[in-house]
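Have a look at the structure below, then the notes.
The values are calculated or read from the model by the stated rules, or taken from the named source; none is laboratory data. Note that the coordinates shown come from a computational prediction; the quantities given were computed from them, not determined experimentally. In this analysis, Cβ positions are derived from the backbone assuming ideal geometry, glycine residues included, and neighbour counts consider all displayed protein chains. In case anyone asks, the SASA skips ligands and DNA or RNA and just uses the protein heavy atoms, side chains included. Shrake-Rupley method; radii C 1.70, N 1.55, O 1.52, S 1.80 Å.
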Number of protein chains: 2
Amino acid sequence: MLFPLIKEILSFPADSRSLKIRGWIRTKRDMKNLVFIEANDGSCFSSLQCTFDRAQGALNAETEAALERAGTGAAVEIEGKLVPSPASGQAVELAAESIAVIGDAPGEAKPGIAPYPLQKKRHSLEYLREIAHLRPRTNTFGAVTRVRNSLAFGIHNFFQSRGFQYLHTPIITASDAEGAGAMFQVTTQNLDELAKTGKAPDYGKDFFGKKTSLTVSGQLEAETYALALSRVYTFGPTFRAENSNTTRHLAEFWMIEPEMAFASLNDNMDLAEDFLKTIFTGALKDCAEDLAFFNTHIEKGIIETLASVCRGTFTRMTYTDAIKELEKAALNKSDVFDFKPYWGCDLQSEHEKFLTEKIAGGPVIVTDYPKEIKAFYMKQNDDEKTVRAMDVLVPRLGEIIGGSQREDNLQKLEKRITEMGMKPEDYSWYLDLRRYGSAPHSGFGLGFERLVQYVTGMANIRDVIPYPRAAGQAEF
Amino acid sequence: MLFPLIKEILSFPADSRSLKIRGWIRTKRDMKNLVFIEANDGSCFSSLQCTFDRAQGALNAETEAALERAGTGAAVEIEGKLVPSPASGQAVELAAESIAVIGDAPGEAKPGIAPYPLQKKRHSLEYLREIAHLRPRTNTFGAVTRVRNSLAFGIHNFFQSRGFQYLHTPIITASDAEGAGAMFQVTTQNLDELAKTGKAPDYGKDFFGKKTSLTVSGQLEAETYALALSRVYTFGPTFRAENSNTTRHLAEFWMIEPEMAFASLNDNMDLAEDFLKTIFTGALKDCAEDLAFFNTHIEKGIIETLASVCRGTFTRMTYTDAIKELEKAALNKSDVFDFKPYWGCDLQSEHEKFLTEKIAGGPVIVTDYPKEIKAFYMKQNDDEKTVRAMDVLVPRLGEIIGGSQREDNLQKLEKRITEMGMKPEDYSWYLDLRRYGSAPHSGFGLGFERLVQYVTGMANIRDVIPYPRAAGQAEF
């Protein structure tokens, strides 16, 4: 029913079968006797070479006219026979017999239409960001999109094959509970009228009858389902209203949050290690052609970095031991860090890099952080100073996953909530999980765009999501 | 690494292997010599029967004490051997040797803790909606969650296996373009302060530097990627700020929107039919036990309805022919419809049901609707009255899918935008798709919760999403 995509066609035998292919022209070269068209349909990195041979008999006037029209970016249908390719790199090409231009992409300005903005030349990523609706037609963004797709599907496969159920946690929330970051407010109040009245907003009249925001995490809700279905995961959008104009932050991003019952922090570490190795192994296999492009043109060595993460065992060390290593290094060489490490400090990027690249020579899982620098819901250790947190650090990047075993003791959790200046009654449903059938449970969170950045080597997070949202930026 | 879930254990041979199982107690029956515990972990509908046999030698004091404590809802770990089950319905049961209560679920009030709200008895769906954080522990909501998960994964598999790439379109948007419904506003302005100043809001100072809302559809953005990657689909949350207090509307729901290039409305109909048949066939196979429950306890005949959709060919008829059929029926029997059908009217639920149940005896795809009742982007027919729209109607429900071939002609689309009182300059990026490499393309949209409702037979849409959002409702 569906016609074959170029990805499929490239795997067909060169058996002279007749085919009609659809795609967009990447390049056209008109030689004396031959016209070469590279047609791409985005299904894979490669284009299909279509060769029109004038020597085999003059092309008819209609075909010559269509070839004349068919410029870079034009949508075309080309009919021909699939034959062995004399060119290197591909097994097959199309011995083209006819071509129809379905949609032009003018190389020069026409009335009311500027020239096609993606003429064959190198464009800067900054320029392409401004034409985000056209950039998937380029090599780089086609590859990013395919890798992103492959990673997303790989993540579903990973969890499904291990008995995790996919869960949709709410996007609009009335609790600004977790304190994970600044939130966007969601409202149906007319702000112009609100300003005119000069009266305080009446949230009772807002759509939900109360003040609501966009979620910063689905974890607390995921816990409610983990304690019913044993293993669940979320994969949905989350939001931060933080004015962080960096290459690593978005206001809207997708997050994956598995949560499992009857699972300790050790189980959590095992899951995270299995997860990253499985996902990277899958990407190396399924996206070989796209990754080869990134490895050559975007970030040299990215393939070896991914392969090395898959090969070794992740080093596991406590935060306390990690700090000792860092302090030792700082003592040996006073200028090794900009930020002096000490017990109680947040690990800085430079510390995380040092741990993976200098100490462990590979990924490191740091556990048992001081409770003061971690969230209220993490399981308290008997030392009363640390909690069962874990951060997974990988070479080149630092933290890629953060997680914890959750506090499953009602009294300890209530006490911690109060200590941190929050109100237990705001968390009554969350505390119910510790009142009724409580069980050890653990989970982690992973920002999807950072994962795509890590696999592709793309430096700016705005280039790994179709339409990035950041401070001052909500185009398209 | 991960311990086996009850779903897996139930498929093991009864070879007396030693096992530790984890789960929550559904029922406990204490007979003279035997104690039966039904343990459930949510991985499947069935619980695992665990039998403690006092006749085989008295249970030790520790085990007797734990059995005494282990009430409905308690989290337990039970060790024993997997043996053939004398009970009907299951091949295996656990000949239990020891039990540990991990988390109590008190059947009677304890200091600061009310009795476990899910004591063994039938609870109304309304009551369960109020304890939405605990309802996944019931038969009904466990089954809904598993079916929902299976459908979601089935949808990814369907599209991935047909060369569609998964795409994340933006949630926060600055265009209230499509006019698909009332929108929620997203803001970082402090509404209290805004009210105090009495000045009109300054969107230049809002987070994105302009007025933004939550998306009502990812279609327009999906089109930009379809015209680069040939086949894409979205699966993400969408929003309507409409005060529709019905059993069919949510303010926040998940939508699936495939979009394909070089595809006519016929291709679109083929895809939609293939989609529903594949998804329903998968659900009947993968969720047999859960669907048997729905078929018996929630909506009799639901399995046969799904099977019948998979069996037949969908009838295809134009809107004009559909209206003729309806007018004929209304003429024959004047009280057959509350709303009199006429050319130009929106089809009512009663009309859709009549078409599927009385005229076609199965699913119907109605095409070529009057342009006045459809969106601006649909491809215009040569009759200048109708557009290449399609609605897929299924028995019992009516419309389950809506889609169209998209207008790919720049001039026609610009003219239609203007006719409908919108401004072409607001759609410049969307129009670019018709300026550069335009191609016929088509797609459809499907509300995920309505699909889950259709498959499970659940009457209220609030019962097929973990934490429903509707007017006045944003709990948890």
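Between B and A, roughly 10100 Å² of accessible area is buried in total, ligands, DNA and RNA not counted and the probe set to 1.4 Å. Of the chymotrypsin sites (Phe, Trp or Tyr not before Pro) found in the stretch B:340-400, the ones in coil according to DSSP and having at most 10 other Cβ atoms within 10 Å of their Cβ are B:Y342. For the stretch A:459-476, 3J(HN,Hα) computed residue by residue from phi via the Karplus equation (6.51, -1.76, 1.60; θ = phi - 60°) reads 6, 10, 4, 5, 9, 10, 10, x, 10, x, 10, 8, 3, x, 9, 9, 6, 6 Hz, glycine and proline entered as x.
Net charge around B:N243, counting only other residues with Cβ within less than 12 Å of its Cβ (Lys, Arg = +1; Asp, Glu = -1)? Display every interim value, and only then the final one.
Working: positive: A:K205, B:R240; negative: A:D206, B:E242.
Around B:N243, the charge tally is 0.
Against the main long axis of the alpha-carbon atoms of chain B, helix B:319-332 sits at an angle near 80°. Annotation: the stretch B:244-318 has a Kirkwood hydrodynamic radius of 15.0 angstrom, from the mean reciprocal C-alpha pair distance. Each residue of the stretch A:386-395 was assigned a 3J(HN,Hα) from its phi angle through the Karplus expression (A = 6.51, B = -1.76, C = 1.60, θ = phi - 60°), giving 10, 10, 7, 8, 9, 10, 9, 10, 10, x Hz with x at Gly and Pro. Helix A:219-229 and the longest principal axis of the Cα set of chain A meet at an angle near 90°. By the gyration tensor of its Cα atoms, with a ≥ b ≥ c the square roots of the eigenvalues, what is the shape of chain B: rounded for a/c under 1.5, prolate for a/b over b/c, or oblate? The shape class here is prolate. Setting aside same-chain residues fewer than 8 positions from B:K121, which lysines have a Cα under 23 Å from its Cα? Here the lysines satisfying the reach criterion relative to B:K121 are B:K28, B:K110, B:K300.
For every helix of n ≥ 4 consecutive DSSP H residues, a contribution of -39,500 (n - 2.57) applies; sum these over the protein assembly as shown, divide by its total residues, and give [θ] at 222 nm rounded to the nearest 500 deg cm²/dmol.
On the way: 28 runs with 294 residues, N = 952.
So the calculated ellipticity at 222 nm is -9000 deg cm²/dmol.
Could you state the angle between the C-alpha long axis of helix B:139-160 and the longest principal axis of the C-alpha atoms of chain B, as a value from 0 to 90 degrees rounded to the nearest 10? Computed tilt is about 50 degrees. Phi angles across the stretch B:368-379 convert, under the Karplus curve 6.51 cos²θ - 1.76 cosθ + 1.60 with θ = phi - 60°, into 3J(HN,Hα) values of 6, 7, x, 5, 5, 9, 10, 6, 5, 8, 7, 5 Hz, Gly and Pro given as x. Buried on complex formation within the stretch B:258-303 (loss of at least 40 square angstrom of accessible surface versus the isolated chain, 1.4 Å probe, ligands and nucleic acids ignored): B:F262.
Among beta bridges from DSSP that stay inside chain A, the antiparallel ones total about 90%.
For the stretch B:1-155, report the translational diffusion coefficient in µm²/s to the nearest whole number, using Stokes-Einstein at 4 °C, 1.567 mPa s, and a Kirkwood Rh over Cα pairs. The Stokes-Einstein estimate is 78 µm²/s.
Checking every one of the trypsin sites (Lys or Arg not before Pro) in the stretch A:317-399 against DSSP loop status and a limit of 16 other Cβ atoms within 10 Å picks out A:K333, A:K385, A:R396. How big is the gap, in Å, between the Cα center of the stretch B:125-186 and the Cα center of the stretch B:222-270? For the stretch B:125-186 versus the stretch B:222-270, the Cα centre distance is 12 Å.
Comment: the Cα-to-Cβ extended label point of B:S308, at 7 Å, lies 6.3 nm from its counterparts in the other copies, nearest first.
Share of the stretch A:1-46's accessible area from carbon and sulfur, percent, 1.4 Å? Don't jump to the answer; show the numbers that get you there.
Values: 1150 of 2180 Å².
Heavy-atom surface of the stretch A:1-46 belonging to carbon and sulfur, 1.4 Å probe: 53 percent.
Cα centroids of the stretch B:193-218 and the stretch B:306-323: how far apart, whole angstrom? About 46 Å separates the Cα centre of the stretch B:193-218 from the one of the stretch B:306-323. Annotation: amide H of A:A241 within the under-5 Å range of A:A182, A:M183, A:F184, sequence separation 5 or more or interchain, hydrogens built in the peptide plane. Using a 7 Å projection from Cα along Cα-to-Cβ, the label point at A:H123 is separated from the same position in the remaining copies by 5.5 nm, smallest value first.
Averaged over peptide B:147-156, the number of partner chain Cβ atoms lying within 10 Å of each residue's Cβ comes to 4.
Only lysines eight or more places from A:K196 in sequence, or on another chain, were considered; those with a Cα closer than 28 Å are A:K205, A:K210, A:K211, B:K196, B:K199, B:K205, B:K210, B:K211. Taken per residue, the accessible surface of the protein assembly as shown reaches 39 Å², heavy atoms only and a 1.4 Å probe.
Provide the packing ranking of B:268-274, A:97-103, i.e. peptides ordered by the mean count of other C-beta atoms within 10 Å per residue, highest first. Mind showing how you got there, number by number?
Numbers: B:268-274: 21.1, A:97-103: 19.6.
Result, highest mean Cβ count within 10 Å first: B:268-274, A:97-103.
Annotation: amide H-H contacts under 5 Å for A:V92 (H modelled 1.01 Å from N, sequence separation of 5 or more, or interchain): A:S85.
Ranked by the mean number of other Cβ atoms within 10 Å per residue, highest first, peptides A:256-266, B:106-116 order as A:256-266, B:106-116. Overall, chain B carries a charge dipole of about 540 debye about its Cα centre when +1 sits on the Cβ of Lys and Arg and -1 on the Cβ of Asp and Glu, all other atoms neutral. One residue of chain A places its C-beta nearer than any other to the axis carrying A onto B; that residue and its whole-Å distance are A:G198, 2.
For the protein assembly as shown, just say rounded, prolate or oblate: build the C-alpha gyration tensor, square-root its eigenvalues into a ≥ b ≥ c, call rounded for a/c under 1.5, and beyond that prolate if a/b exceeds b/c, oblate if not.
Cα axes put the protein assembly as shown in the prolate bin.
Charge dipole of the stretch B:6-102 (Cα centre as origin; +1 on each Lys and Arg Cβ, -1 on each Asp and Glu Cβ, all else neutral): 160 debye, rounded to the nearest 20.
If only the Cβ of Lys and Arg carry +1 and only the Cβ of Asp and Glu carry -1, the dipole of the stretch B:220-369 around its Cα centre is close to 420 debye. Placing unit charges on the Cβ atoms of the charged side chains and taking the dipole of chain A about its Cα centre, the candidate lying farthest along the positive direction among A:G472, A:G398, A:T456 is A:T456.
Only loop residues by DSSP count here, and only those with at most 14 other Cβ atoms within 10 Å; note down the trypsin sites (Lys or Arg not before Pro) in the stretch B:18-75 that meet that. Sparse-neighbourhood loop trypsin sites (Lys or Arg not before Pro): B:K32. Summary for A:I373: label point 7 Å along Cα→Cβ; distances to the equivalent points in the other copies, ascending, 6.3 nm.
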